[in-house]
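Each reported figure results from applying straightforward, stated rules to the coordinates on display, with no laboratory input. In this text, all values refer to a predicted model and were calculated from it rather than measured experimentally. FYI the Cβ positions are ideal-geometry reconstructions off the backbone, even for glycines, and counts take in every protein chain you see.
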Amino acid sequence: MLSTDVRCAPPLQRHKRHAILDGFERNKQTFTMGKGKELFGHYNDLAKEKGPGTKESAYAGILFQALLMVGERRTFELLEEADEQGKKLKLQYPDSSKKGEAPSGIVLE
């Protein structure tokens, strides 16, 4: 005989509701970062296709550096902004930078 204990139902329902809401938040985040993420993948695919030492490879390196410096979300936002304005991301260096010094920021150019 099956038990129909009602006390077990609310936690299961609550768990399902949270799972659905969590999924919605993930989908919402994916949607907002979708275009930037696609652009990031596109430029990396181009770099792989063209190979090392090409402009495409150098730009993919800039995008990866941006990812490390400002994080995924901000990099994708900047990529979307650059795409809308017909620009590219560029590493910014301090005015008094010496050869080999780390970049200080990311700008659109």
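Amide H neighbours of residue 106 under 5 Å, counting only residues 5+ apart in sequence or on other chains, H built in-plane at 1.01 Å?
Under 5 Å from the amide H of residue 106 lie the amide H atoms of 92, each far enough along the sequence or on another chain.
By how many nm would the segment from residue 55 to residue 87 lengthen if fully extended, with 0.36 nm per residue of separation less the alpha-carbon distance?
In short, 10.0 nm is gained.
Suppose every K and R has +1 on its Cβ and every D and E has -1 on its Cβ; what is the size of the dipole of the stretch 33-108 about the Cα centre, in Debye to the nearest 20?
Its charge dipole is roughly 260 debye.
Anything over 18 Å Cα to Cα? Flag those among 37/87; 50/99; 48/99, in the order listed.
Pairs exceeding the cut-off: 50/99; 48/99.
Once the mean 1/r over all distinct Cα pairs of the stretch 33-108 is inverted, what Kirkwood radius in angstroms do you read off?
The Cα-based Kirkwood calculation yields 12.8 Å.
Quick check on the exposure proxy: order 75, 54 from fewest to most C-beta atoms within 10 angstrom.
By the 10 Å Cβ count, ascending, the order reads 54, 75.
Fewest first, what order do 43, 59 take by the number of other Cβ atoms within 10 Å?
Arranged by neighbour count, lowest to highest, 43, 59 become 59, 43.
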